[in-house]
Amino acid sequence: MRDNFEQKLFNMAADEEMILPESIHKRVNDTIVSLPQQKRIFRMTWKKSIVLAAALVTLMSVTVSAAVSAYRQRMEAMNEQEMEDYFVSIYSSKIGNDNYNRPYTVSERARINELKTSYEQEALFPEGALTMISEPSKYSGRGVSFYRNTTTFFFPETEMNDEELLQIIDFLHKRDYSLKKMNEMIAGGEMTFPSEKIEEAKSNENELTNKVNTTKNAESDSQSAAVWEPDRELTIQYTGNLELTGMAAGNDCIFLMGWNAIHKMEIGSSDSKLFFDDFDRKSTVTSLYQAKNGDIYITLVEKAQSDEYDLKISGEEYRSALWVLSSEGEIKKKIDLSPYKDKGLGLIKRMVVDEQGYIYIRILNTLGKVLLVLDSEGNYVKEISTDMVSAFRPHLLGGLGIGKDGKVYLQVDSGDISERHMGIASVNLEEGCLEDIYMDIVPSGTIMLDIISPGSDTDFVFWGYDGIFTYNIGDKSAVNILPAYEAPCEWEGVLYCALPDGRIVFGACTEYRTEELEEGVEAYRIPEKTRFYYKSSMSKQ
């Protein structure tokens, strides 16, 4: 009796109606003649074996080809409306990358890679599709859901099964195909860019966000009640007239920056008043820090002569400068930074001043420099570079701040990009090194931490591209108290600062005016389209 497995294989070949080339039969016969007469394979002759092998090669080729064809047909089966929906979703999202309510497990990551191959080459498709939800709170905790507004996948707490992983794969492939196909059609003149639908999608999401925030803040009788209440959350429409380029927290207020002007805004207020505009040349403030004694330190870029510039903006030459203002907005001193040009200062975005009056300037370059430290008069004190911080690599755009203990902290990384370990470390100015190092406090894959500030009821609060984190010294990890996908406003490009009471304030705008720069675009937030969101960093009980 024939082996059942053998019979099934021959039946598969027969079902495909394969006709093998005469050359295969000839090679099979020649091979059999050359073999010893007693040479046999258990339950299957050599001839049948070789013929079957050849048949299976052909069968697999046909099967793979059919699977690839099925995959292509699945993509092409989407109509123009479906592809446009994916396209609009990509362009109207608040965040420019996918987010997840939890990371993949090791097992899920391995299985999704295997299933991706099966999806593309074996036509292994899901039976259903992932669920679209209108807001994060609508996720039931079962299956896989997707929140378009912040491109966030919601996974169940339990290990995902193959069907759920295939739904994710199917969604990603259809989205990528739609983006590619729509761009081709737009470039070829077959359709126009759906700008109206994208703006409508953005508007709908903003209306939903505003409705939620209005409900949350309905109990607030006056905005002034926001002052020094770390659990109070507010949404405030800006009524001032400054086109914002930046914002920073003062000791009891918020400073807003624009070209040739600094405004001061009371906490909880909707309006801002001019605080300082006595600039010598066309200038904009790039960082601001108010020390405990009330003095205000600002770094700025100002129009420069050709022999003194550090960088170019819109083809114009600028130089970096450091000024100190009084709490009333009077100039106290101007510190000449030209002696430190070789330190690679570039565009200074982060600066803090400790209780002793030492000025810490975060250097944003690839020269191995980390911090430049000056005294209150602007004299050189110390430079901390990567060769002084051992195995740790401060992130090029990483944060800088002062903790509750009064020490200066900065973000540090270790490991390569594929397996980055992230944490914070304090600066030992006397030794010129880092100490109090707390690593692996945020999940692997977190891009960076910017704000480093005391939290409301925690040692630290951080702003990062993945959300707002709080951390207590001694804890194993930080807590993401506000994931980016739950933010009340667009996360990409939003302005932010940490108030002394631990709250994070966002300055978000829905319309911009732009000016082309040498290395990108400088955005000016249109005042009447700007809102401020106060979010608490207090632990959720």
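The values are calculated or read from the model by the stated rules, or taken from the named source; none is laboratory data. It should be emphasised that the depicted structure is a prediction, and the values quoted were computed from it without experimental measurement. Glycine also receives a Cβ, built like all others from the backbone with ideal geometry; neighbour counts cover every protein chain displayed. All accessible areas refer to the heavy atoms of the entire protein, side chains included, with ligands and DNA or RNA removed. Shrake-Rupley method; radii C 1.70, N 1.55, O 1.52, S 1.80 Å.
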* Cα atoms only, segment 401-541: Rg and Dmax in Å? -> 16.4, 49
* Asked: Got a number for carbon plus sulfur as a percent of segment 117-204's accessible area, 1.4 Å probe?
  -> 47
* Cα atoms only, segment 402-452: Rg and Dmax in Å? -> 11.6, 34
* Structure fact -> Residues whose built amide H sits under 5 Å from the amide H of Ile402, excluding neighbours closer than 5 in sequence, are Tyr409
* **Backbone HN-Hα couplings from phi across segment 286-293 [Karplus 6.51/-1.76/1.60, Hz, Gly and Pro as x]** => 9, 7, 9, 9, 9, 6, 4, 7
* Asked: Within the set Lys202/Lys273; Lys303/Lys341; Lys332/Lys535; Lys138/Lys529, which residue pairs have Cα atoms separated by over 26 Å?
  -> Lys202/Lys273; Lys332/Lys535; Lys138/Lys529
* **Solvent-accessible area of Ser270 with every protein chain in place, 1.4 Å probe, in Å² to the nearest 10** => 30
* Amide H partners (placed H, <5 Å) of Ser93, local residues excluded -> none
* Could you pull the accessible area for Asp440 with a 1.4 Å probe, rounded to 10 Å²? => 80
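What's the ranking of 379-385, 532-538, 460-466 by average number of surrounding C-beta atoms within 10 Å, highest first? Mind dumping the intermediate values first?
Details: 379-385: 15.3, 532-538: 22.4, 460-466: 24.0.
Taking the mean over residues of other Cβ atoms within 10 Å, the ranking is 460-466, 532-538, 379-385.
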* Structure fact -> Under 5 Å from the placed amide H of Gly246, counting only residues 5+ away or on other chains, we find Met257
* **Estimated inter-spin distance, Lys273 and Asn161, nm [label 7 Å along Cα→Cβ]** => 6.5
* To do: Provide the per-residue ³J(HN,Hα) series for segment 330-335, in order, calculated from phi with Karplus coefficients 6.51, -1.76, 1.60 and θ = phi - 60°, each as a whole number of Hz, with x at glycine and proline positions.
  => 9, 6, 9, 6, 10, 9
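Work out the FRET efficiency for Ile186 and Lys334 from their Cβ-Cβ distance, taking R0 = 56 Å, and round it to the nearest 0.05. Numbers along the way, then the final one.
Details: r = 51 Å, r/R0 = 0.92.
It comes to 0.65.
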* Stretch Trp259-Lys341 to full length: gain in nm at 0.36 nm per residue minus the Cα-Cα span? -> 27.2 nm
* To do: For segment 246-299, just list the percent of Cα-Cα distances falling in each 10 Å bin from zero outward, please.
  => 25, 57, 18, 0
